[in-house]
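Report on the following structure.
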Amino acid sequence: MLVAGFENVRGRMLRFAWENGAWTQSALDLPATGSIGTAGASPTESAAFAVYEDFITPPTLFALENNATAARAIRSLPPLFDASSYVTEQFEAVSADGVRVPYFVIRARDIELNGENPTLLYAYGGFQVSMTPGYSANVGKLWLDHGGVYVMANIRGGGEFGPAWHQAGLKTNRQVIYDDFYAVERDLVERGITSPRRLGIQGGSNGGLLMGVMLNQHPEMINAAIVQVPLLDMLRYDQLLAGASWVDEYGSPSVPEERAYLETMSPYQNLRQRDDFPLPFVLTSTKDDRVHPGHARKYVARLMELGMPVLYYENIDGGHSAAANLNEAARRRALEYVYLMQRLMD
(Lines give C-alpha, C1' and ligand atoms only; values in the text may rest on other atoms or scores of the structure.)
Protein backbone atom coordinates (compact mmCIF):
# COMPACT_ATOMS: atom_id res chain seq x y z
CA MET A 1 0.00 0.00 0.00
CA LEU A 2 1.34 3.44 -0.98
CA VAL A 3 0.38 6.57 0.97
CA ALA A 4 1.30 10.07 -0.24
CA GLY A 5 1.20 12.91 2.26
CA PHE A 6 3.17 15.64 3.97
CA GLU A 7 5.44 15.84 6.97
CA ASN A 8 6.19 19.39 8.06
CA VAL A 9 4.86 20.60 4.65
CA ARG A 10 7.37 18.40 2.81
CA GLY A 11 5.92 15.71 0.57
CA ARG A 12 6.72 12.08 1.21
CA MET A 13 5.44 8.71 0.08
CA LEU A 14 5.28 5.75 2.43
CA ARG A 15 5.22 2.07 1.50
CA PHE A 16 3.33 -0.31 3.76
CA ALA A 17 3.69 -4.05 3.19
CA TRP A 18 2.25 -7.08 4.94
CA GLU A 19 5.22 -9.33 5.53
CA ASN A 20 5.60 -12.32 7.85
CA GLY A 21 2.36 -11.58 9.63
CA ALA A 22 3.06 -7.90 10.32
CA TRP A 23 2.98 -4.51 8.58
CA THR A 24 6.30 -2.91 7.66
CA GLN A 25 6.75 0.75 6.79
CA SER A 26 9.39 2.50 4.69
CA ALA A 27 9.74 5.83 2.91
CA LEU A 28 10.40 5.89 -0.82
CA ASP A 29 13.59 7.56 -1.97
CA LEU A 30 12.05 10.69 -3.51
CA PRO A 31 13.21 14.32 -3.26
CA ALA A 32 12.39 15.85 0.11
CA THR A 33 11.38 19.52 -0.40
CA GLY A 34 8.34 19.30 -2.68
CA SER A 35 4.91 17.76 -3.21
CA ILE A 36 4.27 14.12 -4.10
CA GLY A 37 1.12 12.51 -5.45
CA THR A 38 0.18 9.16 -6.89
CA ALA A 39 -0.20 9.04 -10.67
CA GLY A 40 -1.22 5.45 -11.24
CA ALA A 41 -1.30 2.04 -9.60
CA SER A 42 -2.89 -1.34 -10.17
CA PRO A 43 -3.32 -4.35 -7.88
CA THR A 44 -2.22 -6.56 -10.76
CA GLU A 45 1.06 -4.75 -11.49
CA SER A 46 4.32 -4.61 -9.57
CA ALA A 47 5.04 -1.02 -10.64
CA ALA A 48 3.24 2.20 -9.76
CA PHE A 49 3.78 5.87 -10.63
CA ALA A 50 4.12 9.08 -8.66
CA VAL A 51 4.53 12.75 -9.59
CA TYR A 52 6.91 15.05 -7.77
CA GLU A 53 7.34 18.83 -8.05
CA ASP A 54 8.81 21.62 -5.98
CA PHE A 55 9.48 25.33 -6.35
CA ILE A 56 12.30 24.82 -8.86
CA THR A 57 11.54 21.34 -10.26
CA PRO A 58 8.74 20.93 -12.83
CA PRO A 59 6.28 18.05 -12.38
CA THR A 60 8.30 14.86 -12.81
CA LEU A 61 6.94 11.34 -13.27
CA PHE A 62 8.60 8.62 -11.18
CA ALA A 63 8.24 4.90 -11.77
CA LEU A 64 7.99 3.00 -8.48
CA GLU A 65 9.46 -0.38 -9.35
CA ASN A 66 10.18 -3.71 -7.71
CA ASN A 67 6.98 -3.66 -5.68
CA ALA A 68 7.53 0.05 -5.03
CA THR A 69 10.88 -0.42 -3.33
CA ALA A 70 12.73 1.82 -5.83
CA ALA A 71 11.89 5.14 -7.49
CA ARG A 72 13.19 6.20 -10.91
CA ALA A 73 12.49 9.49 -12.72
CA ILE A 74 11.29 8.69 -16.23
CA ARG A 75 9.76 11.87 -17.63
CA SER A 76 9.32 15.54 -16.77
CA LEU A 77 7.51 18.55 -18.08
CA PRO A 78 10.00 20.92 -19.72
CA PRO A 79 11.69 23.36 -17.31
CA LEU A 80 10.61 26.95 -17.93
CA PHE A 81 13.64 28.56 -16.28
CA ASP A 82 17.20 27.49 -15.45
CA ALA A 83 17.06 26.41 -11.81
CA SER A 84 20.61 25.08 -11.56
CA SER A 85 21.78 28.02 -9.42
CA TYR A 86 18.83 27.99 -7.01
CA VAL A 87 18.27 26.20 -3.73
CA THR A 88 15.21 25.59 -1.54
CA GLU A 89 15.46 25.80 2.25
CA GLN A 90 12.96 25.48 5.07
CA PHE A 91 13.15 27.46 8.29
CA GLU A 92 10.91 28.07 11.30
CA ALA A 93 9.90 31.31 12.94
CA VAL A 94 8.60 31.51 16.50
CA SER A 95 5.26 33.29 16.82
CA ALA A 96 4.15 35.46 19.74
CA ASP A 97 2.62 32.50 21.60
CA GLY A 98 5.65 30.25 21.05
CA VAL A 99 4.22 28.25 18.13
CA ARG A 100 6.81 27.37 15.49
CA VAL A 101 5.79 28.45 11.98
CA PRO A 102 7.58 26.86 9.00
CA TYR A 103 8.38 28.70 5.81
CA PHE A 104 10.24 27.98 2.58
CA VAL A 105 12.97 30.16 1.08
CA ILE A 106 13.92 29.84 -2.59
CA ARG A 107 17.09 31.73 -3.48
CA ALA A 108 20.28 31.75 -5.48
CA ARG A 109 22.79 29.43 -3.87
CA ASP A 110 25.54 32.07 -3.67
CA ILE A 111 23.73 35.08 -2.22
CA GLU A 112 25.22 36.91 0.73
CA LEU A 113 23.17 37.03 3.93
CA ASN A 114 23.69 40.77 4.27
CA GLY A 115 20.09 41.93 4.45
CA GLU A 116 20.22 43.35 0.94
CA ASN A 117 18.33 40.67 -0.97
CA PRO A 118 15.01 41.75 -2.56
CA THR A 119 12.53 39.29 -1.07
CA LEU A 120 8.88 38.51 -1.78
CA LEU A 121 6.94 36.87 1.07
CA TYR A 122 3.67 35.13 0.19
CA ALA A 123 1.04 33.59 2.48
CA TYR A 124 -2.69 32.91 2.69
CA GLY A 125 -3.67 31.82 6.20
CA GLY A 126 -7.30 30.83 6.01
CA PHE A 127 -10.08 28.35 5.23
CA GLN A 128 -7.84 25.32 5.93
CA VAL A 129 -6.09 25.89 2.58
CA SER A 130 -2.58 24.40 2.65
CA MET A 131 0.28 26.24 0.94
CA THR A 132 2.42 23.41 -0.43
CA PRO A 133 5.50 23.48 -2.69
CA GLY A 134 4.73 23.84 -6.39
CA TYR A 135 6.52 24.78 -9.59
CA SER A 136 5.99 28.34 -10.83
CA ALA A 137 7.50 29.68 -14.04
CA ASN A 138 6.30 33.15 -13.04
CA VAL A 139 8.28 33.14 -9.80
CA GLY A 140 11.31 31.68 -11.61
CA LYS A 141 11.40 33.90 -14.68
CA LEU A 142 9.99 37.12 -13.27
CA TRP A 143 11.54 37.14 -9.80
CA LEU A 144 14.33 34.62 -9.14
CA ASP A 145 16.01 35.27 -12.49
CA HIS A 146 16.08 38.99 -11.68
CA GLY A 147 17.88 38.44 -8.38
CA GLY A 148 14.92 38.08 -6.06
CA VAL A 149 14.32 35.70 -3.16
CA TYR A 150 10.91 34.03 -2.86
CA VAL A 151 9.40 32.97 0.46
CA MET A 152 6.20 31.04 1.18
CA ALA A 153 4.98 30.95 4.78
CA ASN A 154 2.80 28.21 6.29
CA ILE A 155 1.01 30.37 8.85
CA ARG A 156 -1.97 29.25 10.89
CA GLY A 157 -5.39 29.40 9.29
CA GLY A 158 -4.27 26.90 6.64
CA GLY A 159 -4.52 23.13 6.77
CA GLU A 160 -0.84 22.19 6.72
CA PHE A 161 -1.03 20.50 10.12
CA GLY A 162 -4.64 19.39 10.13
CA PRO A 163 -7.88 21.01 11.31
CA ALA A 164 -6.36 22.37 14.54
CA TRP A 165 -3.93 24.54 12.54
CA HIS A 166 -6.94 26.12 10.86
CA GLN A 167 -9.18 26.36 13.91
CA ALA A 168 -6.49 28.12 15.94
CA GLY A 169 -7.18 31.31 14.01
CA LEU A 170 -10.96 31.33 13.68
CA LYS A 171 -13.12 34.35 14.51
CA THR A 172 -11.82 36.30 17.54
CA ASN A 173 -8.60 34.24 17.63
CA ARG A 174 -7.50 35.50 14.23
CA GLN A 175 -4.66 37.63 15.54
CA VAL A 176 -2.48 34.50 15.81
CA ILE A 177 -2.46 34.33 11.99
CA TYR A 178 -1.11 37.87 11.76
CA ASP A 179 1.38 37.23 14.56
CA ASP A 180 2.65 34.20 12.60
CA PHE A 181 3.21 36.32 9.50
CA TYR A 182 4.98 39.02 11.49
CA ALA A 183 7.20 36.36 13.05
CA VAL A 184 8.27 35.19 9.59
CA GLU A 185 9.01 38.79 8.55
CA ARG A 186 11.21 39.25 11.61
CA ASP A 187 12.94 35.89 11.13
CA LEU A 188 13.85 36.75 7.54
CA VAL A 189 15.48 39.96 8.76
CA GLU A 190 17.25 38.30 11.69
CA ARG A 191 18.74 35.67 9.38
CA GLY A 192 20.12 38.38 7.11
CA ILE A 193 18.10 37.15 4.16
CA THR A 194 16.51 40.57 3.71
CA SER A 195 15.64 43.84 5.46
CA PRO A 196 12.52 46.01 5.66
CA ARG A 197 13.91 48.11 2.81
CA ARG A 198 14.07 44.99 0.59
CA LEU A 199 11.00 43.06 1.80
CA GLY A 200 7.72 42.91 -0.08
CA ILE A 201 4.60 40.91 0.77
CA GLN A 202 1.81 39.48 -1.38
CA GLY A 203 -1.55 37.86 -0.81
CA GLY A 204 -4.92 37.52 -2.51
CA SER A 205 -8.53 37.21 -1.35
CA ASN A 206 -8.22 36.15 2.31
CA GLY A 207 -4.52 36.77 1.72
CA GLY A 208 -5.46 40.29 0.64
CA LEU A 209 -7.06 40.74 4.06
CA LEU A 210 -3.76 39.53 5.53
CA MET A 211 -1.94 42.21 3.53
CA GLY A 212 -4.31 44.92 4.73
CA VAL A 213 -3.86 43.91 8.36
CA MET A 214 -0.08 43.77 8.07
CA LEU A 215 0.04 47.19 6.41
CA ASN A 216 -1.77 48.60 9.47
CA GLN A 217 -0.03 46.58 12.17
CA HIS A 218 3.57 46.43 10.92
CA PRO A 219 4.22 48.79 8.01
CA GLU A 220 7.75 49.28 9.34
CA MET A 221 8.66 45.74 8.24
CA ILE A 222 8.08 46.16 4.50
CA ASN A 223 8.63 48.41 1.48
CA ALA A 224 6.02 46.85 -0.84
CA ALA A 225 2.67 45.07 -0.58
CA ILE A 226 0.60 43.50 -3.37
CA VAL A 227 -3.01 43.41 -2.17
CA GLN A 228 -4.92 41.16 -4.58
CA VAL A 229 -8.77 40.93 -4.81
CA PRO A 230 -8.90 41.63 -1.07
CA LEU A 231 -11.38 41.62 1.77
CA LEU A 232 -10.78 44.91 3.58
CA ASP A 233 -14.06 46.15 5.10
CA MET A 234 -14.65 43.46 7.71
CA LEU A 235 -17.65 45.25 9.23
CA ARG A 236 -19.71 44.82 6.06
CA TYR A 237 -18.10 41.82 4.35
CA ASP A 238 -21.04 39.58 5.22
CA GLN A 239 -23.39 41.86 3.23
CA LEU A 240 -21.39 41.60 0.00
CA LEU A 241 -21.63 38.74 -2.53
CA ALA A 242 -20.43 35.46 -0.99
CA GLY A 243 -19.46 37.10 2.31
CA ALA A 244 -22.28 35.62 4.36
CA SER A 245 -20.80 32.15 3.81
CA TRP A 246 -17.57 33.17 5.57
CA VAL A 247 -19.02 34.01 8.98
CA ASP A 248 -17.71 30.74 10.46
CA GLU A 249 -14.22 31.84 9.43
CA TYR A 250 -14.17 35.52 10.43
CA GLY A 251 -17.02 35.89 12.86
CA SER A 252 -20.17 37.94 12.40
CA PRO A 253 -20.38 41.74 12.59
CA SER A 254 -23.86 41.15 14.05
CA VAL A 255 -22.50 39.34 17.13
CA PRO A 256 -21.25 41.97 19.63
CA GLU A 257 -18.15 40.07 20.81
CA GLU A 258 -17.12 39.17 17.27
CA ARG A 259 -17.83 42.66 15.97
CA ALA A 260 -15.68 44.14 18.73
CA TYR A 261 -12.73 42.10 17.47
CA LEU A 262 -13.42 42.88 13.82
CA GLU A 263 -13.41 46.58 14.66
CA THR A 264 -9.84 46.26 15.92
CA MET A 265 -8.48 44.44 12.86
CA SER A 266 -10.53 45.54 9.82
CA PRO A 267 -8.00 47.15 7.43
CA TYR A 268 -10.42 49.74 6.03
CA GLN A 269 -11.72 51.05 9.34
CA ASN A 270 -8.23 51.16 10.89
CA LEU A 271 -6.51 53.20 8.20
CA ARG A 272 -4.94 56.38 9.53
CA GLN A 273 -2.56 58.97 8.21
CA ARG A 274 1.03 57.96 8.92
CA ASP A 275 4.49 58.52 7.49
CA ASP A 276 5.72 54.91 7.68
CA PHE A 277 3.08 53.48 5.30
CA PRO A 278 4.74 51.94 2.21
CA LEU A 279 3.30 52.37 -1.28
CA PRO A 280 0.88 49.43 -1.74
CA PHE A 281 -0.37 48.02 -5.04
CA VAL A 282 -4.07 47.15 -4.77
CA LEU A 283 -5.77 45.22 -7.58
CA THR A 284 -9.22 43.81 -8.16
CA SER A 285 -11.70 42.93 -10.89
CA THR A 286 -14.94 44.65 -11.83
CA LYS A 287 -16.50 41.22 -12.33
CA ASP A 288 -15.22 39.56 -9.16
CA ASP A 289 -18.29 37.66 -7.96
CA ARG A 290 -16.65 36.27 -4.82
CA VAL A 291 -15.01 39.23 -3.08
CA HIS A 292 -16.80 42.44 -4.05
CA PRO A 293 -14.53 45.00 -5.77
CA GLY A 294 -16.02 47.55 -3.40
CA HIS A 295 -13.56 46.37 -0.76
CA ALA A 296 -10.58 47.49 -2.84
CA ARG A 297 -12.29 50.62 -4.20
CA LYS A 298 -13.27 52.11 -0.85
CA TYR A 299 -9.91 51.19 0.69
CA VAL A 300 -8.05 53.02 -2.07
CA ALA A 301 -10.45 55.97 -1.87
CA ARG A 302 -9.82 56.23 1.86
CA LEU A 303 -6.06 56.16 1.33
CA MET A 304 -6.40 58.97 -1.19
CA GLU A 305 -8.54 60.98 1.26
CA LEU A 306 -5.78 60.61 3.84
CA GLY A 307 -3.16 61.74 1.32
CA MET A 308 -1.50 58.33 1.51
CA PRO A 309 0.40 56.70 -1.37
CA VAL A 310 -1.35 53.92 -3.32
CA LEU A 311 -1.35 52.26 -6.74
CA TYR A 312 -4.61 50.78 -8.02
CA TYR A 313 -5.48 48.47 -10.91
CA GLU A 314 -8.99 47.23 -11.67
CA ASN A 315 -9.39 44.81 -14.54
CA ILE A 316 -12.89 44.90 -16.05
CA ASP A 317 -12.86 41.12 -16.69
CA GLY A 318 -11.79 37.96 -14.99
CA GLY A 319 -13.78 37.35 -11.84
CA HIS A 320 -11.85 36.53 -8.68
CA SER A 321 -8.64 35.83 -10.60
CA ALA A 322 -8.64 39.43 -11.92
CA ALA A 323 -7.80 38.07 -15.37
CA ALA A 324 -10.08 36.48 -17.97
CA ASN A 325 -7.40 35.02 -20.26
CA LEU A 326 -3.66 34.47 -20.55
CA ASN A 327 -3.01 37.92 -21.98
CA GLU A 328 -4.73 39.61 -19.06
CA ALA A 329 -2.99 37.32 -16.58
CA ALA A 330 0.37 38.18 -18.14
CA ARG A 331 -0.36 41.89 -17.94
CA ARG A 332 -1.38 41.65 -14.28
CA ARG A 333 1.75 39.70 -13.36
CA ALA A 334 3.93 42.12 -15.29
CA LEU A 335 2.45 45.01 -13.33
CA GLU A 336 3.04 43.18 -10.06
CA TYR A 337 6.66 42.24 -10.69
CA VAL A 338 7.62 45.61 -12.17
CA TYR A 339 6.15 47.23 -9.05
CA LEU A 340 8.19 44.87 -6.85
CA MET A 341 11.37 45.60 -8.77
CA GLN A 342 10.82 49.35 -8.54
CA ARG A 343 10.20 49.13 -4.80
CA LEU A 344 12.77 46.54 -3.73
CA MET A 345 15.60 46.60 -6.27
CA ASP A 346 18.08 49.38 -7.05
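The values are calculated or read from the model by the stated rules, or taken from the named source; none is laboratory data. This structure is a prediction, so every number in the text was calculated from the model and none was measured. Reconstructed Cβ throughout: ideal geometry from the backbone, glycine too, with neighbour counts over all protein chains shown.
Tabulated data for the structure shown
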{"item": "Residue that is on the phi < 0 side of the Ramachandran plot, assigned to a loop (DSSP other than H, G, I, E, B) and not small (Gly, Ala, Ser), where the choices are 259, 274, 297, 333", "result": "274"}
{"item": "Subset tally (residues that are within 26 Å of residue 336 (Cα to Cα) and either out of contact with any strand residue (DSSP E or B) (no Cβ under 7 Å at 6 or more places or on another chain) or in contact (Cβ under 8 Å) with a residue 60 or more places away in the chain (or both)) for the stretch 242-281", "result": "16"}
{"item": "Hits in the stretch 264-323 - residues which are among the β-branched types (Val, Ile, Thr) and buried (at least 19 other Cβ atoms within 10 Å of the Cβ)", "result": "282, 284, 291, 300"}
{"item": "Filter result (surrounded by 24 or more Cβ atoms within 10 Å (Cβ to Cβ) and either free of Cβ contacts under 8 Å to residues at least 24 places away in the same chain or closer than 19 Å to residue 251 by Cα (or both)) within the stretch 159-205", "result": "174, 177, 178"}
{"item": "Flag if residue 340 is at positive phi and either assigned by TED's automatic domain parsing to the domain that holds residue 229 or polar (S, T, N, Q) (or both)", "result": "no"}
{"item": "Residues of the stretch 16-47 classified as under 32 Å from the mean Cα position of the chain (by Cα) and under 13 Å from residue 62 (Cβ atoms), total", "result": "12"}
{"item": "Contacts under 9 angstrom Cβ, first residue in the stretch 123-144 being more than 22 Å from residue 52 (Cα to Cα) and at pLDDT below 95, partner hydrophobic (A, V, I, L, M, F, W, C) and surrounded by 22 or more Cβ atoms within 10 Å (Cβ to Cβ), 6 or more apart", "result": "none"}
